[in-house]
Structure formats: C-alpha cells, structure tokens
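In what follows, a single structure is set out as structure tokens and then discussed.
The values are calculated or read from the model by the stated rules, or taken from the named source; none is laboratory data. Keep in mind that what you see is a predicted model, and the values were worked out from it rather than measured. Every residue, glycine among them, receives a Cβ derived from its backbone with ideal geometry; neighbour counts consider all protein chains shown. Only protein heavy atoms, including side chains, enter the accessible area calculation; ligands, DNA and RNA are left aside. Shrake-Rupley method; radii C 1.70, N 1.55, O 1.52, S 1.80 Å.
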Amino acid sequence: MKGQIVFENGLEDWPLLDELIERLNQLHTLSDKARFGLRLVLSEAVANAIKHGNRYVTGKKVSLDIVTGK
C-alpha cells in the first residue's frame, strides 16, 4: 500500500489517523497492541510537526506518506 494523508486543518483532521489505522488493520490484521502503538507514534509525529514545525500557522500543511509491504 502506498498513500499520503495531508493534515490541512491541524488537529481538526485527527480522524484521518483512525481511518489510516483501520485501512492498515484490514490489510495486515494488526493486534490491539499494534494498533494502539501505531496510533500513539503517528499522533505524536503529526502533533509535533503541527506544533514545532508549523508553529500552528494557519495554511501550513503536514503530510504523512505511507508505504507498506502489501
């Protein structure tokens, strides 16, 4: 799987992470622990990019590129 998620509205786009993790779960049958860990890592990465990278500036985007083995 290859794809990209773009967070255009900062933290308001948080549901995109849940959609991504659900799609990954459908492809790879992730355990509860793996889904929890993946959401934790991705949410931290995106939040840090919004806060520290973009400094909450309106109009700046954060993109997350996804590549998996399937």
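Observations on the model:
- For the chain: accessible area per residue (Å², 1.4 Å): 70 Å²
- Taking one quarter of the surface of the C-alpha convex hull of the chain gives a mean projected area of 4.4 nm².
- Here the Karplus curve 6.51 cos²θ - 1.76 cosθ + 1.60, taken at θ = phi - 60°, turns the phi angles of the stretch 45-62 into couplings of 5, 5, 4, 5, 5, 5, 6, 8, x, 8, 6, 6, 6, 4, x, 7, 10, 10 Hz, with x standing for Gly and Pro.
- Accessible carbon and sulfur surface of the chain relative to its total accessible area, %, 1.4 Å: 54 percent
- Against the main long axis of the alpha-carbon atoms of the chain, helix 15-28 sits at an angle near 20°.
- Spin-label model distance (nm) - Glu19 vs Val41, 7 Å beyond Cα toward Cβ: 2.3 nm
- Using a cutoff of 8 angstrom between alpha carbon atoms and counting only pairs six or more residues apart, the relative contact order for the chain works out to 61 percent.
- For the stretch 32-42, the Karplus equation 6.51 cos²θ - 1.76 cosθ + 1.60, evaluated at θ = phi - 60°, returns couplings of 4, 5, 5, 5, 4, x, 5, 5, 4, 5, 5 Hz by residue, with Gly and Pro reported as x.
- The gain in end-to-end length when the Met1 to Lys51 segment is fully stretched comes to 15.2 nm, 0.36 nm per residue minus the alpha carbon separation.
- Estimated from the Cβ-Cβ distance and a Förster radius of 22 angstrom, the FRET efficiency linking Lys33 and Leu64 is about 0.55.
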